[in-house]
1. Taking residue 207 as the residue in question, decide whether it is touching a Ser or Thr at 6+ places or on another chain (Cβ under 7 Å) and either within 20 Å of residue 290 (Cα to Cα) or among the aliphatic types (A, V, I, L, M) (or both).
2. Residue 66 - would you say it is over 30 Å from residue 117 (Cβ atoms) and assigned to a strand (DSSP E or B)?
3. Scan the range 37-69 for residues that are at pLDDT 95 or above and among the β-branched types (Val, Ile, Thr) and report the count.
4. I'm told residue 182 meets every condition in (1) out of contact with any Ser or Thr (no Cβ under 9 Å at 6 or more places or on another chain); (2) on the phi > 0 side of the Ramachandran plot except one. Can you identify the failing condition by its number?
5. Being out of contact with any Lys or Arg (no Cβ under 9 Å at 6 or more places or on another chain) and either modelled with pLDDT of 95 or more or closer than 21 Å to residue 177 by Cα (or both) narrows it down to one of 214, 271, so name that one.
6. Based on this model, can you work out whether residue 127 counts as among the acidic types (Asp, Glu), crowded, with 19+ Cβ neighbours inside 10 Å and assigned to a strand (DSSP E or B)?
7. Scan 271, 279 and give me the residue that is under 24 Å from residue 204 (Cβ atoms) and either in contact with a Gly (Cβ under 6 Å, 6 or more places away or on another chain) or surrounded by 15 or more Cβ atoms within 10 Å (Cβ to Cβ) (or both).
8. Is it the case that residue 394 is in contact (Cβ under 8 Å) with a residue 60 or more places away in the chain, more than 30 Å from residue 37 (Cβ to Cβ) and in a strand (DSSP E or B)?
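The values are calculated or read from the model by the stated rules, or taken from the named source; none is laboratory data. A quick note: this is a predicted structure, and the numbers were derived from the prediction, not measured. Neighbour counts are summed over all protein chains in view; Cβ atoms, including those assigned to glycine, are modelled from backbone coordinates with ideal geometry.
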Amino acid sequence: MLPHKPSTGAALFGIFLTLPTHGFAQGAAVSLGETELVPSLQLTYLSSDNLLRTEEDPIEGSVVSVQPRLDWTADRRLLTLNASYAGDYTTTAESAADYTDHAVEFSAAAEFTSRNRSDFSLQFIRDHIDVGVGLLANSNSVDEVAEFSQANLELGHTFGAANAKGNVRGTFKVQSRNYSNLPTFTTGYDYNLIEGAGEFSYRASADTRLLVGIRAAQIDFSSDARDRDEVGVYTGLQFSATGKLRGAIRLGATQASYPSINRDPSTDLTITGALDYLISDISNIKLAVRREVDNAQGVVSDLSTSPVETTLGASWSRQWTSRISSKVGIEAEYIDASCPNVSMQTTTPSLELSYAFRRWISAGAQAAIETRGADNCIDDPNSNFVEDYERQSVGVFIRATL
């Protein structure tokens, strides 16, 4: 269980935590014919001093989470198939903070020839937004989390050999989100997104490519005023897994226009990056960053556009002995908005210690401190007041795999 779920529904850590830690042992697989299955389970007990993220009269209580996961892989050299399921069943001392999340993903990668490679991914997500966060940032009186279903489809094709000087890649993405409860807060925020992008990469060295690309997107909300068209350009670097550094980072600019309202287009800096640096066989650092227009909150009008969300994550993991390991991390979220929307800053440092009793089972302790500050629009009658808060949590966990 993450100490803080970003307001966009885990936008950052979908990238940050799905990068496997290379150089560290992973769970053993069960062979199913020519395929492999890796099941795992985590049980977590936490004690929190502020379950509903309030500034005054915080509610203390316990949090119990059960998180099963299944990963299936079929690798036939020129065709790789993957499927996974991840669940999060969480019960707390305050029923308003209870939730059940599910995520199912299917993906495939095919090499038709040395110069033609295609990939596909499909996700079905049942997720939530916590009380006191995102759309519910100014309402701590609700008796449940905001629940939504989301589907993501992405198709990609790369032309050019993997070791060629130049590669061209095209992608097409479709995303749909629908909220299922709390209409007072979620009405107007259902959306459908269609995006196309083209990218050229140039091999600068054996494990580094220079990137340049262009993307265009159309986001259709259930509230017409929020409808948005985007056009963006970017450049960046991509690092292959052959060296100590892997991942990619892209830096660019996106122009957003709002066809349903009388407002000039806005241009914002955009960043997407996820990097994994292997310090040694027993230590590594992960970094992740994302800056984009936020689809999950904010009021759009002739005077204000959608907020811009920046999420940052960093962690250092180390295997001290064959049984003892640790992880130190920090997560930060910045909402940059103009009134009546409220700018917010949330930071969450965390620490985890783990002891492996056997290869397949480990236990440990974790702690986190989550702090939010809000820049409220005091003189704007159309703005909702958002509370500052601090939330401390400590707990223990057990992880099991094969």
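1. On the way: touching a Ser or Thr at 6+ places or on another chain (Cβ under 7 Å): yes; either within 20 Å of residue 290 (Cα to Cα) or among the aliphatic types (A, V, I, L, M) (or both): no.
So residue 207 fails the test.
2. Details: over 30 Å from residue 117 (Cβ atoms): yes; assigned to a strand (DSSP E or B): yes.
Here the answer is yes, as residue 66 does meet what is asked.
3. Number of matching residues: 4.
4. (1)
5. Numbers: 271 fails: out of contact with any Lys or Arg (no Cβ under 9 Å at 6 or more places or on another chain).
Residue meeting the stated conditions: 214.
6. Details: among the acidic types (Asp, Glu): yes; crowded, with 19+ Cβ neighbours inside 10 Å: yes; assigned to a strand (DSSP E or B): yes.
Spelling it out, residue 127 is indeed among the acidic types (Asp, Glu), crowded, with 19+ Cβ neighbours inside 10 Å and assigned to a strand (DSSP E or B).
7. Numbers: 279 fails: either in contact with a Gly (Cβ under 6 Å, 6 or more places away or on another chain) or surrounded by 15 or more Cβ atoms within 10 Å (Cβ to Cβ) (or both).
Residue meeting the stated conditions: 271.
8. For residue 394, the condition - in contact (Cβ under 8 Å) with a residue 60 or more places away in the chain, more than 30 Å from residue 37 (Cβ to Cβ) and in a strand (DSSP E or B) - is met.
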